[in-house]
Amino acid sequence: MVTHYESGSWQDNAGCRGPKSDQFFPPIKGERRQEKRDREVRAKNICAHCVVLGQCLDYALSVREVHGIWGGTSGPERRIMMGLSA
């Protein structure tokens, strides 16, 4: 999944840029429940040290992104924050 990206934005400083970016979305081939949990924990650990964590979460909420890990939150967590059913 590709979302809108603007060069020179907060996204340039995101901790998820680069080789670890595959941790933030499930693989196309699918994954088992434990693999998903492990991947999401790894992604959220990257988020925990990210200098643009708040901006990332604000962006995900503003565009109503419900897939992947954004701003240290999962899709179901953001759905709850947006008042949608998880």
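Scan the helices (runs of 4 or more DSSP H) fully inside segment 17-86 and keep the ones with 3 or more residues being crowded, with 18+ Cβ neighbours inside 10 Å and touching a strand residue (DSSP E or B) at 6+ places or on another chain (Cβ under 7 Å).
Numbers: elements: 33-48, 53-62, 75-81.
Those helices (runs of 4 or more DSSP H) span 53-62.
Every residue in segment 62-78 that is within 17 Å of residue 43 (Cβ to Cβ) and free of Cβ contacts under 8 Å to residues at least 40 places away in the same chain, please.
Passing the criteria: 66, 71, 72, 73, 74, 75, 76, 77, 78.
Quick check on residue 52: is it out of contact with any Phe, Trp or Tyr (no Cβ under 8 Å at 6 or more places or on another chain) and closer than 17 Å to residue 16 by Cβ? Lay out the reasoning, then the answer.
Details: out of contact with any Phe, Trp or Tyr (no Cβ under 8 Å at 6 or more places or on another chain): no; closer than 17 Å to residue 16 by Cβ: yes.
So residue 52 fails the test.
Write out, first by first residue and then by second, each pair whose Cβ atoms fall under 8 Å of each other, whose residues are 6+ apart or on separate chains, and whose first residue, in segment 2-17, is farther than 17 Å from residue 54 by Cβ while the second is modelled with pLDDT of 85 or more and aliphatic (A, V, I, L, M).
3/63; 4/63
Which residues, taken from segment 13-67, are among the small types (Gly, Ala, Ser) and either over 10 Å from the mean Cα position of the chain (by Cα) or modelled with pLDDT of 95 or more (or both)? Walk me through it before giving the result.
To start, the set of residues in segment 13-67 that are among the small types (Gly, Ala, Ser) comprises 14-15, 18, 21, 30, 43, 48, 54, 60, 62.
Hits for segment 13-67 are 14, 15, 18, 30, 43, 48, 54, 60, 62.
The values are calculated or read from the model by the stated rules, or taken from the named source; none is laboratory data. Bear in mind that the values here come from a model prediction, so they are computed numbers and not experimental data. Glycine gets a Cβ as well: all are built from the backbone with ideal geometry, and neighbour counts include every protein chain shown.
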